[in-house]
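**Q** Sharing a structure, written as structure tokens. Questions coming.
Rule-based calculations on the coordinates, nothing more; no lab input. Note that this is a predicted model, so its numbers are computed, not measured. Reconstructed Cβ throughout: ideal geometry from the backbone, glycine too, with neighbour counts over all protein chains shown.
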């Protein structure tokens, strides 16, 4: 069966973009100052990427280094997404959309 460009194939993308936004009426904050403001403007992008050899998910930026707390591996995309949501919620940031 030939692969078609449909929703089920997109759901299985191994490189997904996570777009972030500042929670309405708040400002982003961190104790270490490691939040890259370019993540909100589109100048930098956050990826959730699956390693095809290990099937583990990781986070990466197009530009710059990750904060230490985000340098982890996850067994599924949903676990990665949940961790990212919790991590950024305390910094007044949320995931606006996910594109694969």
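**Q** How would you rank 47-57, 13-23, highest first, on the average number of other Cβ atoms within 10 Å across their residues? Display every interim value, and only then the final one.
**A** Values: 47-57: 13.6, 13-23: 15.6.
Highest-to-lowest ranking by the protection proxy: 13-23, 47-57.
**Q** Each label point is 7 Å from the Cα along the Cα-to-Cβ direction; what then is the distance between the points at residue 19 and residue 61, in nm?
**A** Between residue 19 and residue 61, the simple spin-label model gives 2.0 nm.
**Q** Given a Förster radius of 30 Å and the C-beta distance between residue 29 and residue 78 as r, what FRET efficiency does 1/(1 + (r/R0)^6) yield to the nearest 0.05? Spell out each step's value before the answer.
**A** Numbers: r = 27 Å, r/R0 = 0.89.
So, using R0 = 30 Å, E works out to roughly 0.65.
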